[in-house]
1. What residue, of A:163, A:158, A:100, A:93, is in a helix (DSSP H, G or I) and within 12 Å of chain B (Cβ to nearest Cβ)?
2. Within the range A:511-520, can one find any residue that is open to solvent by less than 30 Å² (accessible area, probe 1.4 Å) and touching a Pro at 6+ places or on another chain (Cβ under 9 Å)?
3. State whether the residues of the range A:115-135 include one that is at the interface with chain B (Cβ under 7 Å from one of its Cβ atoms), farther than 23 Å from residue B:71 by Cα, at pLDDT below 95 and open to solvent by 50 Å² or more (accessible area, probe 1.4 Å).
4. Using the structure shown, decide if residue B:87 is surrounded by fewer than 22 Cβ atoms within 10 Å (Cβ to Cβ), more than 7 Å from every other protein chain (Cβ to nearest Cβ) and in a loop (DSSP other than H, G, I, E, B).
5. Across the range A:58-76, which residue is farthest from the other protein chains (Cβ to nearest Cβ) among those that are open to solvent by less than 20 Å² (accessible area, probe 1.4 Å) and at pLDDT 70 or above?
6. Does any residue of the range B:417-437 turn out to be small (Gly, Ala, Ser), within 14 Å of chain A (Cβ to nearest Cβ) and within 30 Å of residue B:213 (Cβ to Cβ)?
7. Can you name the helices (runs of 4 or more DSSP H) wholly within the range B:238-305 that have at least 3 residues being under 22 Å from residue B:346 (Cβ atoms) and within 33 Å of the chain's Cα centre (by Cα)?
8. Go through (1) open to solvent by 80 Å² or more (accessible area, probe 1.4 Å); (2) in a loop (DSSP other than H, G, I, E, B); (3) not polar (S, T, N, Q) for residue A:315 and report which single condition fails.
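The values are calculated or read from the model by the stated rules, or taken from the named source; none is laboratory data. Just so it is clear, the model here is predicted, and its values are computed rather than measured. FYI the Cβ positions are ideal-geometry reconstructions off the backbone, even for glycines, and counts take in every protein chain you see. Surface areas here come from the heavy atoms of the whole protein model, side chains and all, with no ligands, DNA or RNA. Shrake-Rupley method; radii C 1.70, N 1.55, O 1.52, S 1.80 Å.
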2 protein chains.
Amino acid sequence: MQEKESYVLAPCCRSSGDLQMYRQMVEIGDRIKGLKLDRPDRWKERISEEVQKLLSLKEQLGNAKPQKFQLKTPKGTRDYNPRQMAIREGVFKTIINCFKRHGAETIDTPVFELKETLTGKYGEDAKLIYDLADQGGEILSLRYDLTVPFARYLAMNKISTIKRYHIAKVYRRDNPAMTRGRYREFYQCDFDIAGQYDLMIPDAECVKIVAEILSELNVGDFIIKLNNRLLLDGMFAVCGVPEDKFRTICSAVDKLDKTFWEDVRSEMVDEKGLAPEVADRIGEYVRLNGQLELVEQLMQDEQMMKNKMARQGLEEMKLLLTYCQLFGVLNKVSFDLSLARGLDYYTGVIYEAILTSTTEKAQTDGADKNESVGVGSVAGGGRYDGLVGMFDPKGKKVPCVGVSIGIERLFSIMEAKAEAAEGKVRTTETQVYVASGQKNMLEERMKLCNLLWEGGIKTELSYKKNPKLLNQFQYAEEHGIPFLAIIGEQELKDGVVKVRNTSTREEETFPREKLLDEIRTRVSSS
Amino acid sequence: MQEKESYVLAPCCRSSGDLQMYRQMVEIGDRIKGLKLDRPDRWKERISEEVQKLLSLKEQLGNAKPQKFQLKTPKGTRDYNPRQMAIREGVFKTIINCFKRHGAETIDTPVFELKETLTGKYGEDAKLIYDLADQGGEILSLRYDLTVPFARYLAMNKISTIKRYHIAKVYRRDNPAMTRGRYREFYQCDFDIAGQYDLMIPDAECVKIVAEILSELNVGDFIIKLNNRLLLDGMFAVCGVPEDKFRTICSAVDKLDKTFWEDVRSEMVDEKGLAPEVADRIGEYVRLNGQLELVEQLMQDEQMMKNKMARQGLEEMKLLLTYCQLFGVLNKVSFDLSLARGLDYYTGVIYEAILTSTTEKAQTDGADKNESVGVGSVAGGGRYDGLVGMFDPKGKKVPCVGVSIGIERLFSIMEAKAEAAEGKVRTTETQVYVASGQKNMLEERMKLCNLLWEGGIKTELSYKKNPKLLNQFQYAEEHGIPFLAIIGEQELKDGVVKVRNTSTREEETFPREKLLDEIRTRVSSS
């Protein structure tokens, strides 16, 4: 799939309408200048009005010009064809089965939220939020993830315990890389556990779920990186980062999976004003990864153990790794101090799963060589104990932990696999094709079709009045429809129907009243 | 659910920042006035810049003021809780089964389209389209229905034959009436057949599908109104409507299901400038409804039969009603000359299903008495042979016909039914709850849980370190979990697990290695 840039041909009007528009613009300018300094309380409303008028002028300009008509989906989005949908449904089934196996319920929320609901939750990523146009009602934005709407849902309904999954599309005005499965509209499959529980038990179940899903989808080797925001903040403090820079430095560390330490260091020092020696101390820590032995090693680090946050973070990591062992997924995890996650709202454990095998390369055909290193993160999440409280009028906190499966990248891989296998993916489930080789049998075909539908059999017929028998056979074969029910003058006279097996080409004749039973027996065993 | 109006508290600043903002506004006004008349080609771009600056000023004003924080979903939208989701999933299953029984594939398209893709397709309804903010890329709008994106998909991929369903949310800035299931964000379930086929065969299958779905959902009596745009246009011509007023008069007729003929007549005469006697002639026709006998009656109408469109429309209606009879749904349809449908793109047969029984009243609790007359249309559609051609660079036409199930209104009814029945709706599928009555058994509970998960059993455990046994029993009972797997010191020593049936309270003990098989036998028969 090729990405295309959008463009608008430059307007080049010199028509008589220009003068009229020009006059309107001068008037708008006058009105804006004329807003009274003693009535700033009315500015907002008046500005809205003038913005509306300017936008309408702009639209007139746009409509008046010849535009190249574009037959495409918006940048960073795609359609799913029936074949892709069949693959997608399979992936969803695996994921939903896993969520249900862990006792989750499901909810749904609107695709847009009040803009203020999203404000202040995403840190530097907030610039990627899609806003809706101000059409004279509420100010709305498309959801950026499913976590913030979930927190809003909990606070709004005063729910303090729930284990839910939510599968829905989210929207980010990011730079798309569609060959690698990075889109502006994409599905997230979220599993979250809300409630006041004992340390690290739900947190470990989230790791287990990611491991189960990635194993079952059969997308090759993967590793789930684990870290902890408390530990990161403690480490920043120990290294000498001022507290007001924790989040921005954290967001720099987050880039380590895509770029070199040198670039991250220079972002910290040159852009974010960190002392070079502080950055270097951070550099020492973020190269560390391991499992329980790394926890032990850091527990020997006196400076770290003196910091309360770091100590708490390490204790949590120890417990989490122990529980991962009990859940049989220790071999799938790596305690990685370079894992930071971009979003502001995490307060404890953080996760990120990446694919490590080379099978993923299959799906980067035609992509830039340098870009084909990996599909990157396929799942991520963490603990966010403060988010629900941001929505509660009294600030009541509901501790939460969850993971999100980045399904589009997994689709890309599954699609490439299906492509490589060149196997036929059936996109319909039709069991019987009602056919006739004779003319003027349309009404009889319709009646027979109706009989099968009423009997719950998935049935199709040709929409032509007098289709050729060969074309009907061909249709059944091409669409993988296992049986044909064939009628003609003789069959009608005898009160029978001929049933043809599409693959063996064997034909049998049954009395019409026994047809449903015979078909049912055949489709259940085929 | 109560609707709430959005509002913004009036800003009331008199701060030192006011003066600065005031100066900025004067500057913007000057710049707009300063646009040069000899460079209209640059206006559009400059207006964009000034709009951005005004918007940013507006935002500063907004941010500076105390706003009442609103914990709500946007106007006209709602969340679905787990109970509602369980009901929704059931409804979807019925609908998807029906679509698959008729051999349909499925596709998906993005939630937004280029604005120009939607332009000129919806007639007077276009004002209800949600636009996205201009954030410096393409100009986008949320989809208004699934039909236009489907036509865009066909033209873009040069597909001329497909039978597909598409279940997704669409967006309309309409006046919401949520107690009656009318929302601004709502699901549509569309089934469409594209392709050059013989007259009325796919058209009749669409009627059959609506009848099957509404019957299976068990929402009471219903009637599927049928009409034909060709017949309507022919009838308008016969009555003396000028050709350029066909669509606007059609859109007036469309209101007949919600309002009286007198109001529609006055819209035609006073607003749309139709001669009173022409309106009265229309009035004579639109009161007619029936079945095949009405077709025969109209075929006696000499004036009608002289008009080519009317004649063609009547012949199509005759054929459609005959096919409806073959498909066993004649008793569910009514040929109704008052049916017009609002959208511009229909070119032939049109459908609309309405519920006629009184069961629907259950769901209008608390709604205004006058509003509780009915949930109105629950499905609609028709033939649109010109729409795909509007997208094809060469104007190549692909004839299409389809129906859309208005699922939200059906949900409202199903929800009310579930409420009235007061039955417990299970929102999870958990089969086993792993429990212990002793302390320090967390790790053993986790191990047992893992064993069951690995065996594919839907299992939960308490996230507390030392939960009380009674609380664990209670959890299983409240959530309808049929079995508990209980362990303690003794069970561990003996290598056994106690299985408790939640409803009968019977307990049996099994060797740990036989547990999976025993559980599987029990859950498959329970």
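1. Just a single option satisfies the conditions, and that option is A:100.
2. Looking for residues that are open to solvent by less than 30 Å² (accessible area, probe 1.4 Å) and touching a Pro at 6+ places or on another chain (Cβ under 9 Å), one finds none in the range A:511-520, hence no.
3. No, because not a single residue in the range A:115-135 is at the interface with chain B (Cβ under 7 Å from one of its Cβ atoms), farther than 23 Å from residue B:71 by Cα, at pLDDT below 95 and open to solvent by 50 Å² or more (accessible area, probe 1.4 Å).
4. On the way: surrounded by fewer than 22 Cβ atoms within 10 Å (Cβ to Cβ): yes; more than 7 Å from every other protein chain (Cβ to nearest Cβ): yes; in a loop (DSSP other than H, G, I, E, B): no.
No; evaluated as a whole, the condition is false for this residue.
5. Among residues in the range A:58-76 that are open to solvent by less than 20 Å² (accessible area, probe 1.4 Å) and at pLDDT 70 or above, the one farthest from the other protein chains (Cβ to nearest Cβ) is A:76.
6. No, the range B:417-437 contains no residue that is small (Gly, Ala, Ser), within 14 Å of chain A (Cβ to nearest Cβ) and within 30 Å of residue B:213 (Cβ to Cβ).
7. Numbers: elements: B:246-253, B:261-266, B:276-286, B:292-299.
It comes to B:246-253, B:276-286.
8. Failing condition for residue A:315: (2).
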